[in-house]
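Enquirer: Let me give you the structure first, and then I'll get to my questions.
The values are calculated or read from the model by the stated rules, or taken from the named source; none is laboratory data. Predicted model, so just to flag it, every value in this text is computed and none were measured. Cβ atoms come from the backbone with ideal geometry, glycine included; neighbour counts cover every protein chain shown. Surface accessibility is based on the protein's heavy atoms, side chains included, excluding ligands, DNA and RNA. Shrake-Rupley method; radii C 1.70, N 1.55, O 1.52, S 1.80 Å.
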Amino acid sequence: MIHITLPDGKTVTYPKGITPIEVARGISEGLARNVISARFNNRKVETVTPLETDGSLVLYTWNDEEGKKTFWHSSSHVLAQALEMLYPGIKLTIGPAIDNGFYYDVDFMDHTVSEKDFPAIEQKAMEIARGKHEFKMREVSKADALSYYEDHENQYKVELIENLEDGEITFCDHDTFTDLCRGGHIPNTGIIKAFKVLNVAGAYWRGDENRPQLTRVYGISFPKQKELTNYLHLLEEAKKRDHRKLGKELELFTFSQKVGQGLPLWLPKGAALRERLEDFLKKAQKKAGYEMVVSPHIGQKELYVTSGHYAKYGEDSFQPIHTPKQDEEFLLKPMNCPHHCEIYNARPYSYRELPKRFAEFGTVYRYEQSGELHGLTRVRGFTQDDAHIFCTHEQLDQEFKEVIDLSLYVLTSLGFDNYTAQVSVRDPETPEKYIGSVENWERAEAAIINAAREKEMNFEIVPGEAAFYGPKLDFMVKDALGRKWQLGTIQVDYNLPERFDLTYKGSDNETHRPVMIHRAPFGSMERFVALLLEHTGGNFPLWLTPVQAMILPVSEKHEKYAQKVLKSMENCEIRALVDARSETVGKKIRETEMQKLPFMLIVGDQEMDQGTVSVRRHGGEDLGAQSVEAFSDLVKNEINSTLKRFKEV
RNA sequence: GCCGACGUAGCUCAGGGGUAGAGCGUUUCCUUGGUAAGGAAGAGGUCACGGGUUCAAUUCCCGUCGUUGGCUCCA
């Protein structure tokens, strides 16, 4: 007999060799039906793996993250089998589960696969699923495993197996299909009730662009048809929040082939929005002790040679600008830091004057790979809400905390409450990759981690992700489709102060090297607006939205009154417009709704007589007739309730 | 940069070897209206660009540019 401990702490005695699924059946028949994966002593096991020792057992269903992963991993086996049946001779490589579904990387040899082929693949996969084939794991010796895949002329699997230890190699069989597999499967293919191939894409073998390019087939599957329908519906909804679509509809920005790819053009409404965001941050920064500076869009090549950026990125970026003078070269500014270093260098500093905080909305240009450009989130010309803080080592801790405060203020004021933070530190294995003393690194990493803890942030520490010049803290936000984007960033830098020979005079009358903090709470105006659009679906916070109220005269004879209302709005600092077109009120309301304006002020005979406006909120709520003053108060209160001043949050 | 898909009116999209269509928008006229589309008429396209095949190409093929889903990259 063996003792099995369940997550609720209960220990139950079972005969040796009992399987997780049988344990589940012992608890309830319903659980047994829903169990799709299990962990025994914190190791992934099959639901039919006999348990031979005492241990703790966790059972997972579709509702658990682990259950979903197992479900999708198993589905990728089914996908692989379907592909092999439809395209004989193809070579399978790897096929993991991902956050939303799974993929399989396949060398299709002479075949090509496109969207047209999806229905056939799905049909074949469902055919396999309905066969209710069990997944059976078996151990295979390294020699046997190698010879199996050598027979199949699958060099990819051979390569994988060569990197595995003999004795830990397992194959998984189901139906007529066999795959190299670590394990962790659903009981049988039959619980896959819905199967969808989502798209195909190119992917390099082992992520290396010098190796063969494979075809990655993405899919998703569900235990109920209804869940697939819901998922597809969700994707449709996400498409409606795509910032590229909303940006066009709301006339915020555009792109022009003539201007060039990745170079956004901000339309009047978008520019107004951007300006408001900038003002918002400028106000907070002023309070936090920043000083605005301005630097040019180009700089001598020598500047970037000094900073080290030219050596690292010069070849792969916009090429130097030449002048009639021989050997004179300028580069488009790819970052603001070198300029700010020279601003610091304009005069000597005493430790009493530090920290110096130089801020600039600086437009930079980077030659991103054409395939990587994406709406406003990845562009070739963009404006960073950049600032560089020059401080003493002793001040680093405090400065870092204050930058976190500012970053969190920005995110919460704009409704990004589900950001994640990533602390990137050194890889302890490769100390030679980093510059700066070990002591300074340790101090900086500790400062970041302590600050993040103190602010009770939801963060993870990722070793090896630090820049060579210092550790950093990034704020990540997901877009409508769940893709993660980095917005704000705070980076400690020991490199540039060295390269630009930045100094200050300490209390000991000696010359010291300051530490530099790079920081950008928005990240860039472009990416921030993009993510803000996807988050709000275009319904911006009232304080930020380009037009807060549309005044709708019922007919031509009310236009004069509408203009008068507009004047009062302007006096109350409410951004309003009059829609004086010869259209029906119904039509004007519809269009104003579609433009997502927060308020509509309808003015007709009644309002004219009583000196009021009839207020309709976006979405349809009728707030009735009220005086202009009352409406103005309403707007002010609403703004004050969402937008706090910095350090009053 | 690589692999796949796509590119038709300002926008959203249909069509298809014999030089094009809808809805919305726009213009003009009628209508002067009360909380999500009032009516009528008109204008608007070298079917992304460049080659090729063909009697004939917007349609088929190739290339370029752009967009897009991934990959690689990301200061």
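Enquirer: Using each residue's phi in the range A:319-328, evaluate 6.51 cos²θ - 1.76 cosθ + 1.60 at θ = phi - 60° and report the 3J(HN,Hα) Karplus result to the nearest Hz, with x for Gly and Pro.
Expert: 7, x, 8, 9, 10, x, 6, 5, 6, 9
Enquirer: While we're here: To make sure I understand the rule: partners must be aspartates and glutamates, Cα under 15 Å from the Cα of A:LYS455, and not fewer than 8 residues away in the same chain. Which ones qualify?
Expert: Partners found: A:ASP397, A:GLU399, A:GLU402, A:ASP405, A:ASP417, A:ASP474.
Enquirer: Find which of A:CYS181, A:GLY207, A:ILE191 sits farthest along the positive direction of the dipole of the range A:178-225, computed with +1 on the beta-carbon of Lys and Arg, -1 on that of Asp and Glu, about the Cα centre.
Expert: Comparing the listed Cα positions along the dipole, A:ILE191 ranks first.
Enquirer: Let me ask another. Given a 1.4 angstrom probe, I'd like the percentage of the accessible area of chain A that is carbon and sulfur, rounded to a whole number.
Expert: 48 percent
Enquirer: Net charge near A:SER407: determine it from the other residues with C-beta under 11 Å of the C-beta of A:SER407, scoring Lys and Arg +1 and Asp and Glu -1.
Expert: Value of the local net charge: -1.
Enquirer: Next question, about the same structure. At a probe radius of 1.4 Å, what is the per-residue accessible area of A:LYS478, in Å² to the nearest 10?
Expert: Result for A:LYS478: roughly 110 Å² accessible.
Enquirer: How large is the dipole of chain A about the Cα centre if only Lys and Arg carry +1 and Asp and Glu carry -1, each at its Cβ, rounded to the nearest 20 debye?
Expert: Here the size comes out at about 1860 debye.
Enquirer: Set the bar at 23 Å for Cα to Cα. Now go through A:LYS286/A:LYS478; A:LYS286/A:LYS647; A:LYS116/A:LYS136; A:LYS239/A:LYS484 and name every pair that lies beyond it.
Expert: From A:LYS286/A:LYS478; A:LYS286/A:LYS647; A:LYS116/A:LYS136; A:LYS239/A:LYS484, over 23 Å: A:LYS286/A:LYS478; A:LYS116/A:LYS136.
Enquirer: In deg cm²/dmol and to the nearest 500, what is the mean residue ellipticity at 222 nm of chain A if only DSSP H runs of at least 4 residues count, each as -39500 (n - 2.57), divided by the residue total?
Expert: Helix-only estimate at 222 nm: -10500 deg cm²/dmol.
Enquirer: Limiting things to C-alpha atoms, what are the Rg and the maximum Cα-Cα separation (Dmax) for the range A:543-649, in angstroms?
Expert: My reading of the Cα-based Rg and Dmax gives 13.8, 49 Å.
Enquirer: Residues with amide H under 5 Å of A:MET476's amide H, sequence separation 5 or more or different chain, H placed in the peptide plane at 1.01 Å from N; which?
Expert: Counting only residues 5 or more places away or on other chains, the set is A:THR420, A:ALA421, A:GLN422, A:LEU487.
Enquirer: Let me check against my output: what whole-number percent is the relative contact order of chain A, with C-alpha pairs under 8 Å and at least 6 apart?
Expert: 9 percent
Enquirer: Here's a follow-up. Can you tell which of A:SER141, A:ALA452, A:VAL635 lies farthest toward the positive end of the dipole of chain A, using +1 and -1 charges on the Cβ of basic and acidic side chains (Lys, Arg; Asp, Glu)?
Expert: Most positive-ward Cα: A:VAL635.
Enquirer: Can you compute the charge dipole magnitude of the range A:2-61 about its Cα centre, using +1 on each Lys and Arg Cβ and -1 on each Asp and Glu Cβ, nothing else charged? Give it in debye, rounded to the nearest 20.
Expert: 120 debye
Enquirer: Residue farthest toward the positive end of the dipole of the range A:66-238, with Cβ of Lys/Arg at +1 and Asp/Glu at -1: which of A:GLY95, A:ASN230, A:THR70?
Expert: After comparing all options, I get A:ASN230.
Enquirer: For the pairs A:LYS333/A:LYS433; A:LYS240/A:LYS287; A:LYS248/A:LYS401; A:LYS240/A:LYS564, note any where the Cα-Cα span goes beyond 30 Å.
Expert: Those over the limit are A:LYS240/A:LYS287; A:LYS248/A:LYS401; A:LYS240/A:LYS564.
Enquirer: Now for a separate question. Counting Lys and Arg as +1 and Asp and Glu as -1, each charge on the Cβ, what is the dipole of the range A:66-238 about the Cα centre in debye, to the nearest 20?
Expert: Rounded to the nearest 20 debye, it is 760 debye.
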